[in-house]
Amino acid sequence: MKFLRILILEDCVIAGRDLKVTLTNTGHPPPRVCRTVDEAIRAVEFEQFDVALIDIDLNEKQTGIDFAHYVNENHKFPFIFLTSHDDDTNFQNAKETNPAAYLIKPFKVRELDLQLRLAFDNHNIEENHELSYNPFIFMPIQSGIKKINKHDVVYLHARQSLTDIYLTGKKMPERFSVNLGYLEQFFYEPKFVKISRSALINLDFMNEVFDGQVELNGLPLIIKLKVSANSDFLRLVKPIRRPK
């Protein structure tokens, strides 16, 4: 089991200290705790980290989202947002940075540890997928990790900070605490196509497109999903034209 080098960006002294103690007790090296964006930027310039925990609302002009943009542009390691607020504005702004997860305080220690490990593992899988194809993706559940075979995935559907994964032959989806904006990068095969902001489908299970909807099989009932007018799907799925 790999122990991770973790950066914590948390402006509350007590919360930062508690996170540090908690993660150290789970076996990780003592995380580096920063209270401001500038302090966190200085830390990543001189130290290497495997993953970061970022509080969104800081007691300064800059937010955790600003730091996330900096990480994406300069260092490319995964990060998880922590927040006490579940409003849509915060979530939509955070989603644009493609976080590995978006956790609402309070959270369970076991869940946090699993999310950190999966963020790191999935990030490495995504970086190396061109060299070694892996049909499996490993998703966090409350008591451990669930293996998903991507060949069995009919479609994925976003529900704010959660994602429902519909698997062939199963009536009910598997629900995971990972947002679709981050998760879609691990479904990089050409057969997985985003048809809207909230839905990613597997073309292996597509029947037809009619009246702005795509029909999918592979589930106990035929599913019809709305296709966004500006999605790449309509440009990718081009019918053969009859010769004149």
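Okay, here's what the table says:
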{"quantity": "Given (1) in contact with a strand residue (DSSP E or B) (Cβ under 9 Å, 6 or more places away or on another chain); (2) more than 16 Å from residue 113 (Cβ to Cβ), index of the condition residue 73 fails", "calculated": "(1)"}
{"quantity": "Qualifying positions in region 27-55 - modelled with pLDDT of 90 or more, within 23 Å of the chain's Cα centre (by Cα) and in a loop (DSSP other than H, G, I, E, B)", "calculated": "28, 31, 49, 50"}
{"quantity": "Residues satisfying the stated conditions in region 29-57, i.e. without any contact (Cβ under 8 Å) to a residue 60 or more places away in the chain, of a type in the set (Val, Ile, Thr) and farther than 16 Å from residue 73 by Cβ", "calculated": "33, 36, 56"}
{"quantity": "Cross-chain or 6+ apart pairs with Cβ under 9 Å, region 1-17 first and under 15 Å from residue 41 (Cβ atoms), then surrounded by 13 or more Cβ atoms within 10 Å (Cβ to Cβ) and hydroxyl-bearing (Ser, Thr, Tyr)", "calculated": "9/36; 11/36"}
{"quantity": "Pair list, Cβ < 9 Å and 6+ apart or interchain, from region 193-221 residues that are without any contact (Cβ under 8 Å) to a residue 12 or more places away in the chain to residues that are surrounded by fewer than 13 Cβ atoms within 10 Å (Cβ to Cβ) and assigned to a strand (DSSP E or B)", "calculated": "215/208"}
{"quantity": "Of all residues making up region 169-184, the number that are surrounded by 16 or more Cβ atoms within 10 Å (Cβ to Cβ), touching a residue at least 24 places away in the same chain (Cβ under 8 Å) and not in a strand (DSSP E or B)", "calculated": "8"}
{"quantity": "Residue list for region 151-162, restricted to those being within 17 Å of residue 189 (Cβ to Cβ) and surrounded by 19 or more Cβ atoms within 10 Å (Cβ to Cβ)", "calculated": "153, 154, 155, 156"}
{"quantity": "Region 79-103, residues that are over 23 Å from residue 120 (Cβ atoms) and part of a loop (DSSP other than H, G, I, E, B)", "calculated": "84, 85, 86, 87"}
{"quantity": "Residue in region 197-224 that is surrounded by the fewest Cβ atoms within 10 Å (Cβ to Cβ), counting only those that are under 25 Å from residue 94 (Cβ atoms) and modelled with pLDDT of 90 or more", "calculated": "198"}
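The values are calculated or read from the model by the stated rules, or taken from the named source; none is laboratory data. From a predicted model like this one, the values you see are computed outputs, not experimental measurements. Positions of Cβ are generated from backbone atoms using ideal geometry, with glycine treated the same way; all protein chains shown enter the neighbour counts.
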